[in-house]
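Presented below is the structure to which this report refers.
Every number here is computed from the coordinates shown, using simple stated rules; none is lab data. These numbers were taken from a predicted model, which means no experiment stands behind them. So basically every Cβ, Gly included, is an ideal-geometry build from the backbone, and we count neighbours across all protein chains shown.
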Amino acid sequence: MQCQTVITEDLLQALNNGEFQPYIQPVVRTPDMVVSGGELLVRRLTPTGEVIPPTRFIEQVESAGLLSIITQKILYQTVSGITARTLVLPQDFRLAVNVTPALLEDRDFTRMCLWLSSARQIHLVLELTERLPFYMAKKMSLIMKDLSQAGVEFALDDFGTGCSVLSYLKDFPVSYIKIDRNFIQDILHDEVSRHIVESMVILAEKINIQTVAEGVETQGQMNCLRGLGVNYLQGFYLGKPLSLDTFLNQYL
Ligand code: G
Ligand code: MN
């Protein structure tokens with residue numbers, strides 16, 4: 001195992017060399033199947049041409065205290081790319097960004113989100129993800145309120161698994177739930193998964209929030225989810241994560 005200092009050195013050098021790059025996966029709106037936004041995902045591009053997914057470095061980035069700075073960097077790069085491409089974004093274009101509770105409490109990051117929402121008119125959706133249970137502290141509630149007032153929306157990521165539980169719908173000002181890919185994968189051959197997704201859609205309608213299915217990999221899954229009335233679809237069948245330039249060329 002490498003020691004933290006060596007890992008931090010390596011990450012700082014990668015940051016300096018511009019190895020962390022924004023990738024965007026399209027999000028498609030139902031029923032008209034228009035690309036109405038995208039999820040920002042970071043990739044590390046090494047000098048040898050390797051493309052490393054975040055699962056392999058995000059924990060190290062967090063331990064090194066670099067999550068805020070890296071997220072800010074790729075978010076700024078993305079928003080600059082989008083606004084350089086088009087002065088007027090499609091009206092409901094949403095840019096989703098993954099955030100942890102710790103990132104939400106980082107003042108530099110939240111200031112940047114407030115600024116992007118007001119000055120650049122970008123509709124941000126912050127997707128709450130966490131590996132450990134968390135609760136709504138007073139401080140976090142105030143931060144979320146400020147962000148909401150500026151037009152920032154919130155989603156619960158990986159909903160229905162791990163730490164993304166029903167009670168968060170009560171505690172957080174949520175506009176979207178992202179139904180975990182675990183349920184989507186099995187939706188065609190497992191009745192229980194289908195009933196769970198169906199119930200999530202009904203619940204979301206009752207409490208006036210939108211549903212996003214993640215990890216859609218086949219046409220059959222897509223048709224089933226459209227039939228169930230899921231509002232947005234995301235996954236390899238609809239579109240893989242693309243480099244920022246490719247996404248801009250293809251969709252904006
Ligand atoms: O949980 P979250 O939505 O943040 O996960 C995004 C990750 O899921 C990305 O790393 C992306 O590459 C991966 N991903 C996106 N679409 C699919 C898919 O259809 N199938 C699988 N297995 N992974 C996907
Ligand atoms: Mn996400």
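Tell me, please, whether a residue that is within 14 Å of ligand 2 (Cβ to nearest atom), of a type in the set (Ser, Thr, Tyr) and under 21 Å from the mean Cα position of the chain (by Cα) can be found in the range 163-171. Before you say what the answer is, go through the steps one by one.
Looking only at the range 163-171, we keep the residues that are within 14 Å of ligand 2 (Cβ to nearest atom), and these are 163-164.
Then drop every residue that is not of a type in the set (Ser, Thr, Tyr), which leaves 164.
Filter again for under 21 Å from the mean Cα position of the chain (by Cα), leaving 164.
Within the range 163-171, one or more residues are within 14 Å of ligand 2 (Cβ to nearest atom), of a type in the set (Ser, Thr, Tyr) and under 21 Å from the mean Cα position of the chain (by Cα).
May I ask you to list the residues in the range 11-33 that are under 27 Å from Val230 (Cα atoms) and surrounded by fewer than 13 Cβ atoms within 10 Å (Cβ to Cβ)?
Once the filter is applied, which keeps residues that are under 27 Å from Val230 (Cα atoms) and surrounded by fewer than 13 Cβ atoms within 10 Å (Cβ to Cβ), the range 11-33 yields Pro31, Asp32, Met33.
Can you pull out the residues in the range 107-134 that are of a type in the set (Asp, Glu) and surrounded by fewer than 19 Cβ atoms within 10 Å (Cβ to Cβ)?
The first filter runs over the range 107-134 and keeps only residues of a type in the set (Asp, Glu), leaving 108, 127, 130.
Those that are of a type in the set (Asp, Glu) and surrounded by fewer than 19 Cβ atoms within 10 Å (Cβ to Cβ): Asp108, Glu130.
Table: residues versus (1) surrounded by 15 or more Cβ atoms within 10 Å (Cβ to Cβ); (2) within 16 Å of ligand 1 (Cβ to nearest atom); (3) of a type in the set (A, V, I, L, M).
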site: Phe159; (1), (2), (3): yes, yes, no
site: Tyr168; (1), (2), (3): yes, yes, no
site: Phe172; (1), (2), (3): yes, no, no
site: Arg181; (1), (2), (3): yes, yes, no
site: Val192; (1), (2), (3): no, no, yes
site: Glu205; (1), (2), (3): no, no, no
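Going through the range 59-103 one residue at a time, which ones are buried (at least 17 other Cβ atoms within 10 Å of the Cβ) and free of Cβ contacts under 8 Å to residues at least 24 places away in the same chain?
none
If Thr55 passes every condition in (1) among the hydroxyl-bearing types (Ser, Thr, Tyr); (2) within 16 Å of ligand 1 (Cβ to nearest atom); (3) not in a helix (DSSP H, G or I) but one, which one does it miss?
The single condition Thr55 does not satisfy is (3).
If you scan the range 229-252, which residues turn out to be over 18 Å from Asn182 (Cα atoms) and hydroxyl-bearing (Ser, Thr, Tyr)?
Once the filter is applied, which keeps residues that are over 18 Å from Asn182 (Cα atoms) and hydroxyl-bearing (Ser, Thr, Tyr), the range 229-252 yields Ser243, Thr246, Tyr251.
For the range 113-131, what are the residues that are more than 16 Å from ligand 1 (Cβ to nearest atom) and either hydrophobic (A, V, I, L, M, F, W, C) or within 15 Å of the chain's Cα centre (by Cα) (or both)?
Cys113, Leu114, Trp115, Leu116, Ala119, Ile122, His123
Sort through Val79, Val61, Val28, Val97 and tell me the only one that's outside any strand (DSSP E or B), within 15 Å of ligand 1 (Cβ to nearest atom) and in contact with a Leu (Cβ under 8 Å, 6 or more places away or on another chain). Let's see the steps before the verdict.
Numbers: Val79 fails: within 15 Å of ligand 1 (Cβ to nearest atom); Val28 fails: outside any strand (DSSP E or B); Val97 fails: outside any strand (DSSP E or B).
Answer to the selection: Val61.
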